[in-house]
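Worksheet for the structure shown next.
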Amino acid sequence: MKALTSYNTKFAQGKLEFPESPIEGAIREVKEETGLIVKNLRFKGIYEYVNEEANDRHIILNYLTNDFSGELLSDFTEGIPEWVKISDLEHLPMQQSIRRRMPYFFQDGTFEIHVVWEDGEKEVHIRET
(Lines give C-alpha, C1' and ligand atoms only; values in the text may rest on other atoms or scores of the structure.)
Protein backbone atom coordinates (compact mmCIF):
# COMPACT_ATOMS: atom_id res chain seq x y z
CA MET A 1 0.00 0.00 0.00
CA LYS A 2 1.24 3.50 -0.82
CA ALA A 3 0.24 7.06 0.00
CA LEU A 4 0.31 10.08 -2.26
CA THR A 5 2.24 13.09 -1.02
CA SER A 6 4.12 16.10 -2.38
CA TYR A 7 7.46 17.73 -1.61
CA ASN A 8 6.21 19.29 1.62
CA THR A 9 4.30 16.19 2.73
CA LYS A 10 0.83 17.52 2.56
CA PHE A 11 -2.14 15.81 1.09
CA ALA A 12 -4.83 17.11 -1.20
CA GLN A 13 -6.74 19.72 0.72
CA GLY A 14 -8.86 22.76 0.14
CA LYS A 15 -12.11 24.53 0.81
CA LEU A 16 -15.59 23.67 -0.36
CA GLU A 17 -17.02 25.64 -3.23
CA PHE A 18 -20.68 26.42 -2.58
CA PRO A 19 -22.94 24.44 -3.03
CA GLU A 20 -20.81 21.27 -3.37
CA SER A 21 -20.95 18.53 -0.74
CA PRO A 22 -17.85 17.59 1.30
CA ILE A 23 -17.28 14.47 -0.83
CA GLU A 24 -17.70 16.44 -4.07
CA GLY A 25 -15.17 18.95 -2.73
CA ALA A 26 -12.70 16.21 -1.81
CA ILE A 27 -12.99 14.62 -5.26
CA ARG A 28 -12.48 18.01 -6.95
CA GLU A 29 -9.47 18.92 -4.77
CA VAL A 30 -7.73 15.59 -5.42
CA LYS A 31 -8.25 16.05 -9.17
CA GLU A 32 -6.96 19.66 -9.10
CA GLU A 33 -3.91 18.89 -6.94
CA THR A 34 -2.89 15.46 -8.23
CA GLY A 35 -4.59 14.81 -11.58
CA LEU A 36 -6.24 11.67 -10.18
CA ILE A 37 -9.94 10.88 -10.31
CA VAL A 38 -11.01 9.25 -7.05
CA LYS A 39 -14.16 7.28 -6.21
CA ASN A 40 -15.62 5.43 -3.25
CA LEU A 41 -14.18 7.72 -0.60
CA ARG A 42 -14.40 6.40 2.96
CA PHE A 43 -14.85 8.91 5.76
CA LYS A 44 -12.03 8.48 8.29
CA GLY A 45 -12.43 11.34 10.71
CA ILE A 46 -12.63 14.96 11.75
CA TYR A 47 -9.75 17.23 12.69
CA GLU A 48 -10.93 20.53 14.10
CA TYR A 49 -9.37 23.70 15.43
CA VAL A 50 -11.39 25.68 17.94
CA ASN A 51 -10.53 29.14 19.22
CA GLU A 52 -12.91 29.65 22.12
CA GLU A 53 -11.87 33.26 22.68
CA ALA A 54 -12.62 34.21 19.06
CA ASN A 55 -15.66 31.89 18.87
CA ASP A 56 -14.10 30.38 15.73
CA ARG A 57 -14.00 26.79 14.44
CA HIS A 58 -12.33 25.17 11.42
CA ILE A 59 -13.26 21.58 10.58
CA ILE A 60 -11.20 19.31 8.34
CA LEU A 61 -12.95 16.20 7.00
CA ASN A 62 -10.61 13.30 6.22
CA TYR A 63 -11.27 10.63 3.60
CA LEU A 64 -9.39 7.61 2.27
CA THR A 65 -9.69 5.62 -0.96
CA ASN A 66 -7.80 3.11 -3.03
CA ASP A 67 -10.16 3.51 -5.99
CA PHE A 68 -8.64 5.97 -8.45
CA SER A 69 -7.69 6.44 -12.08
CA GLY A 70 -5.66 8.89 -14.13
CA GLU A 71 -2.07 10.04 -14.21
CA LEU A 72 -0.24 12.10 -11.60
CA LEU A 73 0.44 15.71 -12.54
CA SER A 74 4.06 16.33 -13.47
CA ASP A 75 4.01 20.09 -12.92
CA PHE A 76 2.00 21.77 -10.20
CA THR A 77 2.57 24.88 -8.11
CA GLU A 78 1.97 23.08 -4.79
CA GLY A 79 4.70 20.50 -5.35
CA ILE A 80 5.10 17.39 -7.42
CA PRO A 81 2.85 14.57 -6.20
CA GLU A 82 4.63 11.27 -5.70
CA TRP A 83 3.87 7.83 -4.30
CA VAL A 84 5.59 6.76 -1.09
CA LYS A 85 5.36 3.54 0.89
CA ILE A 86 3.09 3.75 3.94
CA SER A 87 6.00 2.46 6.03
CA ASP A 88 8.11 5.46 4.94
CA LEU A 89 5.57 8.12 5.97
CA GLU A 90 6.82 8.38 9.54
CA HIS A 91 10.28 9.38 8.27
CA LEU A 92 9.05 12.23 6.05
CA PRO A 93 8.82 15.84 7.22
CA MET A 94 5.21 16.88 7.67
CA GLN A 95 3.00 19.25 9.57
CA GLN A 96 2.23 18.13 13.13
CA SER A 97 -1.50 18.09 12.39
CA ILE A 98 -0.97 15.58 9.56
CA ARG A 99 1.47 13.45 11.56
CA ARG A 100 -1.00 13.32 14.47
CA ARG A 101 -3.86 11.91 12.35
CA MET A 102 -1.81 9.71 10.00
CA PRO A 103 -2.05 6.45 12.03
CA TYR A 104 -5.85 6.64 12.14
CA PHE A 105 -6.13 6.42 8.35
CA PHE A 106 -4.79 2.86 8.46
CA GLN A 107 -6.83 1.59 11.42
CA ASP A 108 -10.41 0.40 11.51
CA GLY A 109 -12.97 2.94 12.63
CA THR A 110 -12.94 6.71 12.57
CA PHE A 111 -11.35 9.47 14.62
CA GLU A 112 -12.08 12.89 16.03
CA ILE A 113 -9.22 15.22 16.92
CA HIS A 114 -10.25 18.40 18.68
CA VAL A 115 -7.55 21.07 19.03
CA VAL A 116 -8.17 24.11 21.22
CA TRP A 117 -6.16 26.90 19.64
CA GLU A 118 -5.20 30.21 21.19
CA ASP A 119 -1.85 31.60 19.99
CA GLY A 120 -0.79 28.00 19.39
CA GLU A 121 -2.09 24.64 20.52
CA LYS A 122 -3.54 24.83 24.00
CA GLU A 123 -5.22 21.41 24.30
CA VAL A 124 -5.56 18.34 22.08
CA HIS A 125 -8.30 15.74 22.55
CA ILE A 126 -8.30 12.55 20.47
CA ARG A 127 -11.25 10.16 20.29
CA GLU A 128 -11.34 6.94 18.29
CA THR A 129 -14.79 5.81 17.23
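Within the chain, DSSP assigns beta bridges of which about 80% are antiparallel (rounded to the nearest 5). On the chain, 51 percent of the accessible area sits on carbon and sulfur atoms, based on a 1.4 Å probe. Amide H contacts of residue 60: 47, 48, 49, each under 5 Å away and 5 or more positions distant or on a separate chain (H built 1.01 Å from N in the peptide plane; Pro and chain starts excluded).
Measuring between their Cα centroids, the stretch 93-129 and the stretch 26-62 lie 13 Å from each other. Most tightly packed first, judged by the mean number of other beta-carbon atoms within 10 Å of their residues, the peptides 26-32, 80-86 read 26-32, 80-86.
A 1.4 Å probe run over the chain, with the rest of the protein chains in place, finds 67 Å² accessible per residue. Applying the Karplus relation 6.51 cos²θ - 1.76 cosθ + 1.60 with θ = phi - 60° to the stretch 88-100 yields 3J(HN,Hα) values of 8, 4, 5, 8, 8, x, 7, 4, 4, 5, 6, 4, 5 Hz, where x marks Gly and Pro.
Coupling constants for the stretch 50-55 follow from the phi torsions by the Karplus curve (6.51 cos²θ - 1.76 cosθ + 1.60, θ = phi - 60°), and in residue order they are 10, 10, 5, 5, 8, 6 Hz; glycine and proline get x. Close amide H partners of residue 122, meaning residues 5 or more places away or on another chain with modelled amide H under 5 Å apart, are 116, 117. With θ taken as phi - 60° and the Karplus curve 6.51 cos²θ - 1.76 cosθ + 1.60 applied, the whole-hertz 3J(HN,Hα) list for the stretch 107-117 is 10, 5, x, 10, 9, 9, 10, 10, 10, 8, 10 Hz, x standing for glycine and proline. With Cβ to Cβ distances under 10 Å as the rule, what net charge do the other residues near residue 16 carry (K, R +1; D, E -1)? Net charge in that neighbourhood comes out at -2. Cross-link partners for residue 122 among the aspartates and glutamates, with Cα-Cα distance under 16 Å and sequence neighbours closer than 8 places in the same chain left out: 48, 52, 53, 56.
The values are calculated or read from the model by the stated rules, or taken from the named source; none is laboratory data. Note that the structure is predicted; figures quoted are calculated from it, not measured. Please note: Cβ atoms are built from the backbone with ideal geometry, for glycine as well, and neighbour counts cover all protein chains shown. Accessible surface is based on the protein model in full, side chains and every heavy atom, while ligands, DNA and RNA are left aside. Shrake-Rupley method; radii C 1.70, N 1.55, O 1.52, S 1.80 Å.
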